[in-house]
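Structure first, commentary second.
Readers should treat all values here as calculations from the given coordinates under stated rules, not as data from a laboratory. Keep in mind the model is a prediction, meaning the values are calculated, not measured. Every residue, glycine among them, receives a Cβ derived from its backbone with ideal geometry; neighbour counts consider all protein chains shown.
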Amino acid sequence: MEEEIFVKDIFGSDMYIIKVKGKAKIPDYIQLRDDNMVLVAYFRADRPIKLLKKYGLEGKESEFNQLITGLPFGKLQKLSI
């Protein structure tokens, strides 16, 4: 069984993820927030690769893409890969 990795920001806080639904020409976005709900990262749902490199999660691209695909819109949850 593979161990879950809870992602932390550069200050050691837990990270939370939420998927925001776009409208018309505006694409879907992903928000990453820390324990205090401060916005840490904001990126298009179809382009998360730069974020993975920043947080040292290279090699977890497929898991992260599956997480984003299965993530319901508007539901905040703890980020674990």
Taking 0.36 nm per intervening residue step and subtracting the Cα-Cα distance, what contour gain separates residue 20 from residue 75 on full extension?
18.9 nm
Please compute the alpha carbon radius of gyration of the range 16-78, then divide it by the globular-protein estimate 2.2 N^0.38 Å. Two decimals is fine.
1.08
Unit charges on C-beta of K, R, D, E only; dipole of the range 16-78, Debye:
260 debye
Fewest-first ordering of 26, 18 by Cβ atoms within 10 Å yields 26, 18
With a cut-off of at most 15 other beta carbons within 10 Å, and DSSP calling the residue loop, which GluC sites (Glu not before Pro) in the range 35-81 qualify? Please list them.
58
